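> Below you'll find the structure I mean.
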Amino acid sequence: MNRVLLGLVGAVLFGVGVLVLAGGLNLYRHLGVSPPSRWPLTSPDQPVVSERSRMRWVAEDWWWPAVISGLSVLVAGTAWWLVAQLRRSGLSSIAVPTPGAGGLKLRVAARALEEVLESGTAVLPEVERAGVRLVRAPRHPRLRGAVRLTPGGDPAGLVAHFEDGPRADALASLGLPELPAELRVRVLQAAPVEHRHRRGRRRRKQHPRVV
């Protein structure tokens, strides 16, 4: 959703900027093209905001406070959105309990844990692709995984394997009391029989066998 909104806002701003630039450079007359209907900025002599519009509310006491407040809210909201996009949702490391270590703190790289969980999940022959990330959560770090199964794969069996295998091993190895997980499973659909036959005939035509 964030990428879609950013793309839409960027496309709209880019289109408006191109139209304003075309009018400011007088490209409509030089190139012999017609501007969009009801578009006011068609020549360099036309300002972006007319003098009447600029001076309409200047004499009012509420005008400048409203303008400054509106622009401040816009800038603050844009800055917050930008920071939210740049902030990494994943964790770089995870703290491991070390009782009796005299205050020594031990941290394990998140990527190392993710690779172990991915390899443990991908041992099943029906797993085509597995990805696991360690993300932030209000109380405890969470695991967020996405697994793609081959046609005919068993999602329930995969979830049971993940719970009893990779996730249980991670809890036991790290000594963590809790490590919630969210696993999204996708099962690929098998290609139609006719399509597979046509593909097989195409391959035989492309690679003839010499007897």
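> Go through His30, His161 and list them by solvent-accessible area, largest first, probe radius 1.4 Å.
Working: His30 115, His161 50 Å².
These residues rank, largest area first, as His30, His161.
> Would you please name the chymotrypsin sites (Phe, Trp or Tyr not before Pro) within the stretch 1-74 that are DSSP coil residues with at most 10 other C-beta atoms within 10 Å of their C-beta? Before the final figure, lay out each step's value.
Details: sites: Phe14, Tyr28, Trp57, Trp62, Trp63; in loops: Trp57, Trp62.
When the chymotrypsin sites (Phe, Trp or Tyr not before Pro) of the stretch 1-74 are filtered for loop state and at most 10 Cβ neighbours within 10 Å, Trp62 remain.
> For Leu21 paired with Ala59, estimate the spin-label separation in nm (one decimal), with each label point 7 Å from Cα along the Cα-to-Cβ line.
So the label points at Leu21 and Ala59 sit 4.0 nm apart.
> Let me cross-check Thr78: its accessible surface, 1.4 Å probe, with only protein heavy atoms counted, in Å² to the nearest 10?
Approximately 80 Å² of Thr78 is accessible to the 1.4 Å probe.
> Once amide H atoms are built 1.01 Å from N in the peptide plane, which residues 5 or more positions from Arg129, or in another chain, come under 5 Å H to H?
Arg148
> Pull out the extension gain between Arg29 and Arg111, defined as 0.36 nm times the separation in residues minus the alpha carbon to alpha carbon distance; nm, one decimal. Please report the intermediate quantities before stating the final value.
Values: separation 82, 0.36 × 82 = 29.52 nm, distance 5.85 nm.
Gain on stretching Arg29 to Arg111: 23.7 nm.
> Here's a follow-up. Tally Lys and Arg at +1 and Asp and Glu at -1 over the other residues with C-beta under 11 Å from the C-beta of Val187: what net charge comes out?
Details: positive: Arg148, Arg186; negative: Glu126, Glu128, Asp154.
Once positives and negatives cancel, what remains is -1.
> Sticking with this one: Using only the heavy atoms of the protein chains and a 1.4 Å probe, how would Arg136, Arg111 rank by accessible area, largest first?
Arg136, Arg111
> Now, a different point. Measuring from centroid to centroid over Cα atoms, what is the spacing of the stretch 27-82 and the stretch 92-155 in Å?
The stretch 27-82 and the stretch 92-155 have Cα centres separated by 51 Å.
> I would also like to ask the following. From the C-alpha gyration tensor of the stretch 1-160, pull out the three semi-axes of the equivalent ellipsoid (sqrt of 5λ each), sorted largest to smallest, in whole Å. Walk me through the numbers on the way to the answer.
Numbers: eigenvalues 609, 144, 34 Å².
One finds semi-axes of 55, 27, 13 Å for the stretch 1-160.
> Still on this structure: Counting only residues 5 or more places away or on other chains, whose amide H sits under 5 Å from the amide H of Val187 once H atoms are built in the peptide plane?
For Val187, the qualifying residues are Leu149.
> A further question follows. In the stretch 14-119, what GluC sites (Glu not before Pro) fall in a loop by DSSP, with at most 15 other Cβ atoms inside 10 Å? Intermediate results must be reported in sequence, preceding the final value.
On the way: sites: Glu51, Glu60, Glu114, Glu115, Glu118; in loops: Glu60.
When the GluC sites (Glu not before Pro) of the stretch 14-119 are filtered for loop state and at most 15 Cβ neighbours within 10 Å, Glu60 remain.
> Moving to a separate point now. Name the long-range amide H neighbours of Ala137: under 5 Å, sequence gap of 5 or more, or other chain; modelled H, no Pro or chain starts.
For Ala137, the qualifying residues are Arg142.
> Would you mind counting up the charge near Ala95? Only other residues with Cβ under 9 Å from its Cβ, with Lys and Arg at +1 and Asp and Glu at -1.
Numbers: positive: Lys105, Arg107; negative: none.
That works out to +2.
> While we're looking at this one, here's another question. Quick one: Karplus J couplings for the stretch 110-123, per residue in order, coefficients 6.51, -1.76, 1.60, θ = phi - 60°, nearest Hz, x for Gly and Pro?
5, 5, 5, 5, 5, 5, 5, 5, 5, 5, x, 7, 7, 6
> Okay, moving on. What list of ³J(HN,Hα) values in whole Hz, one per residue of the stretch 151-163 in order, does the Karplus curve 6.51 cos²θ - 1.76 cosθ + 1.60 (θ = phi - 60°) give from phi, with Gly and Pro shown as x?
x, x, x, 9, x, 5, x, 5, 4, 5, 5, 5, 5
The values are calculated or read from the model by the stated rules, or taken from the named source; none is laboratory data. A quick note: this is a predicted structure, and the numbers were derived from the prediction, not measured. Cβ atoms come from the backbone with ideal geometry, glycine included; neighbour counts cover every protein chain shown. Each accessible area value is taken on the protein alone, full model and side chains, heavy atoms only, with ligands, DNA and RNA left out. Shrake-Rupley method; radii C 1.70, N 1.55, O 1.52, S 1.80 Å.
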